[in-house]
Amino acid sequence: MKKGGKKLIGWRETIGLPELGIKAIKVKVDTGAATSAIHATKIRYLEKFAGDETWVSFLVHIGDHKTKRVRAPLVEQRKVKSSMGHASIRPVIRTVIELGHEQWPIEITLVNRDPMGFRMLLGRRAVKSRFLIHPSRSFIQSQPTEDL
């Protein structure tokens, strides 16, 4: 569905993170958040085998009692203020997102979102200039996944 040349997305969608080996994860589209964030636990900093590049290894919760350990290059550590007003330093990775028939790179902060309702937020930088958000509809560009 398009409106004014841009595709519409719902306030929640199912996305893929193919570089991380994640086929489907439910996200909340959150224009109040600048950067996207994913629920990550057991974060470890690793030195890449060749060179000075630092990588992070972490567990991603992809469904009820399902986790997957993934690795990605560390872009930086960034100070981020939560919706509660608390600032923390978070690791940032860059990876490809897949929504509908589109793929593009985004930055994602790694944070423990255990008390939150969604395991991932899709922030405004990730959707800027690509989509319009329909605040009362869900899964416009994707299908809901039962086990998420």
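When you scan region 83-91, do you find a residue that is of a type in the set (A, V, I, L, M), part of a loop (DSSP other than H, G, I, E, B) and either open to solvent by 30 Å² or more (accessible area, probe 1.4 Å) or without any contact (Cβ under 8 Å) to a residue 60 or more places away in the chain (or both), even just one?
Quick first cut of region 83-91, residues of a type in the set (A, V, I, L, M) only: 84, 87, 89.
Going one step further and asking which of them are part of a loop (DSSP other than H, G, I, E, B), we end up with 84.
Applying the additional criterion that residues be either open to solvent by 30 Å² or more (accessible area, probe 1.4 Å) or without any contact (Cβ under 8 Å) to a residue 60 or more places away in the chain (or both) yields 84.
The answer is yes, given that some residue of region 83-91 is of a type in the set (A, V, I, L, M), part of a loop (DSSP other than H, G, I, E, B) and either open to solvent by 30 Å² or more (accessible area, probe 1.4 Å) or without any contact (Cβ under 8 Å) to a residue 60 or more places away in the chain (or both).
Only residues that are open to solvent by less than 30 Å² (accessible area, probe 1.4 Å), in a loop (DSSP other than H, G, I, E, B) and touching a Lys or Arg at 6+ places or on another chain (Cβ under 7 Å) were counted in region 110-148, giving 1.
Taken over region 29-40, the criterion of being more than 13 Å from residue 66 (Cβ to Cβ) and either out of contact with any Pro (no Cβ under 9 Å at 6 or more places or on another chain) or open to solvent by 10 Å² or more (accessible area, probe 1.4 Å) (or both) is satisfied by 29, 30, 31, 32, 33, 34, 35, 36, 37, 38. Scan region 48-86 for residues that are among the charged types (D, E, K, R), at pLDDT below 85 and closer than 14 Å to residue 109 by Cα and the total you get is 1. Residue 26 fulfils the conditions (1) of a type in the set (Lys, Arg); (2) surrounded by 20 or more Cβ atoms within 10 Å (Cβ to Cβ); (3) at pLDDT 95 or above except for a single criterion, (3). Would region 95-104 turn up any residue that is of a type outside the set (D, E, K, R), open to solvent by 90 Å² or more (accessible area, probe 1.4 Å) and either in contact with a Pro (Cβ under 6 Å, 6 or more places away or on another chain) or closer than 18 Å to residue 24 by Cβ (or both)? So far as region 95-104 goes, yes, one or more of its residues are of a type outside the set (D, E, K, R), open to solvent by 90 Å² or more (accessible area, probe 1.4 Å) and either in contact with a Pro (Cβ under 6 Å, 6 or more places away or on another chain) or closer than 18 Å to residue 24 by Cβ (or both). Just one of the numbered conditions (1) surrounded by fewer than 19 Cβ atoms within 10 Å (Cβ to Cβ); (2) assigned to a loop (DSSP other than H, G, I, E, B) is not true of residue 107: (2).
Whether a residue is touching a residue at least 40 places away in the same chain (Cβ under 8 Å) and out of contact with any Pro (no Cβ under 6 Å at 6 or more places or on another chain) was assessed, and residue 21 passes this test.
The values are calculated or read from the model by the stated rules, or taken from the named source; none is laboratory data. Only a predicted model underlies this, so the values are computations on that prediction, with no experimental measurement involved. As a convention, Cβ positions derive from the backbone with ideal geometry for all residues, glycine included, and neighbour counts pool all protein chains shown. Keep in mind that these areas ignore ligands, DNA and RNA; they rest on the heavy atoms of the full protein, side chains included. Shrake-Rupley method; radii C 1.70, N 1.55, O 1.52, S 1.80 Å.
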